[in-house]
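Below is one structure, written out as structure tokens; comments come after it.
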Amino acid sequence: MNEFEVLERSIHEHNAQLVAVSKTKPNTAIMDLYNQGQRIFGENRVQELVDKQASLPTDIEWHMIGHLQSKKVKYIAPFVQMIHAVDSLKLLKEINKRAQQNDRVIDVLLQFHIAEEESKFGFDLSEAEQLLSSTDFKDLKHCRICGVMGMATFTQDMSQVKSEFQKLKSYFEALKNQYFLENEAFKEISMGMSGDYKIALEEGSTMVRIGSLLFGSRN
Ligand SMILES: *Cc1c(COP(=O)(O)O)cnc(C)c1O
């Protein structure tokens, strides 16, 4: 089996979904995968996402996987299927407002900071609990919270990566039990990239975001 077949098989065995991360890659590369049946593609820049969406088949489900500035939500709100990296109430409110203007409900994931590396992005558990308990949040009818997302530390130490994925899974369980027990939409754990997707799937990932393994390395 080649790497791609191993990837497909592990995703299938774990009942997970593949987000094909096509950032920096041309439309021809996307169409190659599309023609093999792939429909979910992920991008991390708004302009690139908008351009690709306009020129590729309309049955592609576009996922915004990167950090998103509130002021740019309006450009993707008409079509984006899922926004993975929601890390503030301000952003959530903006997504809600723009989704409403487009008469849509947009699926979102709450991003958690699980890596050792310093990063401005991502909640910790108590911040997310605060958000989900707030009255502001309860008014947001045009965002559907579908789960959590996180990125492990960039390291060769796979035991560390594993424990970070376990942490994200435990956050998912905690929020599920407190806020989403009756809510079937809250079911996604978006974790795992080219270098660590096998561990992520073993630790309960439901969505892996894979770029370089599918498309070759980026410059
Ligand atoms: C680029 C990117 C990926 C994919 O990374 P690869 O290592 O190329 O698989 C996954 N998630 C996010 C948020 C990314 O920006």
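The values are calculated or read from the model by the stated rules, or taken from the named source; none is laboratory data. Given the structure is predicted, the values throughout are model-derived calculations rather than measurements. For neighbour counting, all protein chains shown are included, and Cβ atoms are generated from backbone atoms with ideal geometry for every residue, glycine included. Heads up: the accessible areas ignore ligands, DNA and RNA and are worked out on the full protein's heavy atoms, side chains in. Shrake-Rupley method; radii C 1.70, N 1.55, O 1.52, S 1.80 Å.
Some values worked out for this structure:
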read-out: Elements of type helices (runs of 4 or more DSSP H) contained in region 23-136, each with 3 or more residues being touching a Leu at 6+ places or on another chain (Cβ under 9 Å) and surrounded by 20 or more Cβ atoms within 10 Å (Cβ to Cβ); value: 89-101
read-out: Region 191-202: number of residues that are more than 12 Å from the ligand (Cβ to nearest atom) and surrounded by fewer than 21 Cβ atoms within 10 Å (Cβ to Cβ); value: 3
read-out: Residue within region 173-190 that is outside any helix (DSSP H, G or I) and within 11 Å of the ligand (Cβ to nearest atom) present; value: yes
read-out: Scan of region 194-219 for residues that are more than 13 Å from the chain's Cα centre (by Cα) and hydrophobic (A, V, I, L, M, F, W, C), ordered by number; value: I199, A200, L201, L213, L214, F215
read-out: Single match in A128, A174 (criterion: farther than 26 Å from E8 by Cβ and within 17 Å of the chain's Cα centre (by Cα)); value: A128
read-out: Pairs with Cβ under 7 Å, 6+ apart, first in region 162-179 and more than 17 Å from V208 (Cα to Cα) and open to solvent by 70 Å² or more (accessible area, probe 1.4 Å), second assigned to a helix (DSSP H, G or I) and not charged (D, E, K, R); value: Y179/L132
read-out: Cross-chain or 6+ apart pairs with Cβ under 7 Å, region 38-58 first and over 17 Å from A77 (Cβ atoms), then in a helix (DSSP H, G or I) and within 15 Å of the ligand (Cβ to nearest atom); value: F41/I30; L56/I30
read-out: Residues satisfying the stated conditions in region 107-129, i.e. touching a strand residue (DSSP E or B) at 6+ places or on another chain (Cβ under 6 Å) and of a type in the set (A, V, I, L, M); value: V108, L109, L110, I114, A128
read-out: Residue that is nearest to the ligand (Cβ to nearest atom), among those in region 203-219 that are touching a strand residue (DSSP E or B) at 6+ places or on another chain (Cβ under 9 Å) and part of a loop (DSSP other than H, G, I, E, B); value: G211
